Every structure is written in C-alpha cells, then in structure tokens.
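Engineer: Handing you this structure, nothing more for now.
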Amino acid sequence: MSSSPQRPVSTPSDLSSAVAEDLVLYREKFRRRLPDSLDELQGPTTGVVEPSATVVWSGLRAFDLVNERQRMSLYRTVLAEGMRKDLCALLNREVLVQLWPTLRVLVSTTVRDVWEERFSELRAMAGLPPAQPPARRPGNEGSAAA
C-alpha cells in the first residue's frame, strides 16, 4: 500500500470546468493589456525598432520596419508578449489595421479573439460581422438588481 495521501480522481467534467476556467483567465490576461482605443497605438512606421528584453528575449532583437517579414514578426511578437505600454509604443494603428488580415492568422486564437472583440475595425478588416453581445442565459432576465 502506498504511503502517499490519496487524492480524489478528477472526472472529465471536473477537468473540463478547470480547463474552461484556465481559458477565461488566459483570455483576461490579454484583454487587460489592450489599449482603450486603436488611436493609442503610436509606434513608429519606419526605421529599426529594438523592443525591450521583456518583449523579445531571444532570436531577432532588432526589426527593420521596411522589411515586410520583420515588420510582421515584430507585430506578432508584441501582440503575444507585450504589455499595454509596449503595445502603444511599438505598434502603429495604421500599420496594425493594414497587417491585420494576415496577422490575425499568425497570432494565437486567444490574441486574435480579444483584439477583434474589442475593436470592430479589426473585425471589419477580416471580413467579419460586428461582434454580438453575450447571450443572456434563460432564467436570468429578472435577476439584475434595481
């Protein structure tokens, strides 16, 4: 007999609720980083950009914005790793909107979804209809406090 304490065995429903909770927290991490408006994205449109080591810690460290691949790589990395101040300082609104149709397939679905939920202009660039508000659950219609 084992001397280690016995843990209850997780059921599939326990696992699925834990995974769902993790996904909500993961999405919230990216949602909190978003600027309030795309107009806050005031990054450069030309030149060589060298993000801090908190954004790019290995590989290519300087990105020439004239080079299409390097520009796309910078934007993909900043969207995935940057904090709000990095997003505003390194990304440019016009460049992001121009790149979005391609960029949206290069970033994670979580990053793509939180950006498109917040900014209807990005949804439009992707040819998507406006985001719909979350549906109400049956039985919750009268539960709001007055």
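Engineer: What are the ³J(HN,Hα) values, in whole Hz, obtained from phi via the Karplus relation 6.51 cos²θ - 1.76 cosθ + 1.60 with θ = phi - 60°, for each residue of the stretch 76-87 in sequence order, with x given for Gly and Pro?
Structural biologist: 4, 5, 5, 4, 7, 10, x, 8, 3, 5, 5, 4
Engineer: Over the Cα atoms of the stretch 30-130, what is the Rg over Rh ratio if Rh follows Kirkwood?
Structural biologist: 0.93
Engineer: Next up: What is the sum of charges, Lys and Arg at +1 and Asp and Glu at -1, for the other residues whose Cβ falls under 15 Å from the Cβ of residue 118?
Structural biologist: Every neighbour counted, the sum reads +2.
Engineer: Over the heavy atoms of residue 50, what accessible area does a 1.4 Å probe trace out, to the nearest 10 Å²?
Structural biologist: 140
Engineer: Same structure, new question: Report the accessible area of residue 57, computed with a 1.4 Å probe over the heavy atoms of all protein chains in place, in Å² rounded to the nearest 10.
Structural biologist: Estimated to the nearest 10 Å², residue 57 gives 150 Å².
Engineer: Decide, for the stretch 55-109, between rounded, prolate and oblate: order the square roots of the alpha carbon gyration tensor eigenvalues as a ≥ b ≥ c, take rounded if a/c falls under 1.5, and otherwise choose prolate if a/b is larger than b/c, else oblate.
Structural biologist: Rounded.
Engineer: How much net charge surrounds residue 54 when only other residues with a Cβ under 13 Å from its Cβ are counted (Lys, Arg +1; Asp, Glu -1)?
Structural biologist: Value of the local net charge: +1.
Engineer: Now a separate question. Taking all protein chains together and a probe of 1.4 Å, list 93, 32 from the most accessible to the least accessible.
Structural biologist: These residues rank, largest area first, as 32, 93.
The values are calculated or read from the model by the stated rules, or taken from the named source; none is laboratory data. The shown structure was predicted, so the numbers you read here are calculated from the model rather than taken from an experiment. As a convention, Cβ positions derive from the backbone with ideal geometry for all residues, glycine included, and neighbour counts pool all protein chains shown. Ligands, DNA and RNA are stripped out before the accessible areas are found, and what is left, the full protein with its side chains, is counted by its heavy atoms. Shrake-Rupley method; radii C 1.70, N 1.55, O 1.52, S 1.80 Å.
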